[in-house]
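The values are calculated or read from the model by the stated rules, or taken from the named source; none is laboratory data. Quick caveat: nothing in here was measured; it's all calculated off a predicted structure. Cβ placement follows ideal geometry from the backbone for every residue including glycine, while neighbour counts extend to all protein chains displayed. All accessible areas refer to the heavy atoms of the entire protein, side chains included, with ligands and DNA or RNA removed. Shrake-Rupley method; radii C 1.70, N 1.55, O 1.52, S 1.80 Å.
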Amino acid sequence: MFIKRGAGNDVNEIHNLKSRLAQEFNIKDLGSMRYFLGMEVARSDRGIFISQRKYILDFLEEIGMLGCRPANSPIEANHHLSGNMGERTNKERPDVTYAVGVVSQYMHDPRTSHLDAVYRILRYLKSAPGKGILFSNHDHLRLEAFTDADWVGSVDDRRSTSGYCTFLGGNLIT
């Protein structure tokens with residue numbers, strides 16, 4: 001269990017909580033969190049910055065793509081992937097969680113074009129592994145949501161792909 005002083009502003013209450021938890025659980029105060037579940041956490045005057053730099057670099061090394069040529073975007077603009085494009089690929093299946101939902105639509109029957117799209121995602125991750133998200137104080141707690149769709153963008157079934165993002169207090173939460 002991690003307990004950090006920054007979770008509240010009453011130092012005595014934080015100390016009391018740590019003492020009570022230590023009576024019931026085997027806990028250790030490790031100080032400021034730096035890594036958690038593959039995420040790097042950095043604190044500054046601007047806020048809390050979270051990235052997966054180390055995880056991405058380790059993963060690229062593991063699959064032999066650490067030296068790959070970086071890509072400037074995770075998927076080609078105006079892509080038109082289809083379930084029938086390219087040869088079937090039995091040697092390798094793209095069984096990773098993807099940043100782009102479009103590619104995951106073809107995991108049941110991956111083709112070479114889909115695998116190429118996955119490699120592009122990995123090359124994009126290589127281009128800037130330290131990209132992340134900054135949580136900072138924006139002096140408000142407004143809830144804002146945005147959504148968009150490509151309206152009949154699927155070559156296979158003419159279905160639309162939609163996406164959304166939600167901000168709380170100016171910080172991305174979903």
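Remarks
- Counting protein heavy atoms only, the range 24-81 has 52 percent of its accessible area on carbon and sulfur, 1.4 angstrom probe.
- Available extension along the chain between R158 and I173 is 2.4 nm, counting 0.36 nm per residue and deducting the alpha carbon span.
- Chain lengthening between C165 and A77 when straightened (0.36 nm per residue, less Cα-Cα): 29.7 nm
- Largest-first ordering by accessible area, 1.4 Å probe, given options D10, D116, D139, D109: D139, D116, D10, D109
- Efficiency of FRET between I133 and Q23 - r from beta-carbon atoms, R0 30 angstrom, step 0.05: 0.25
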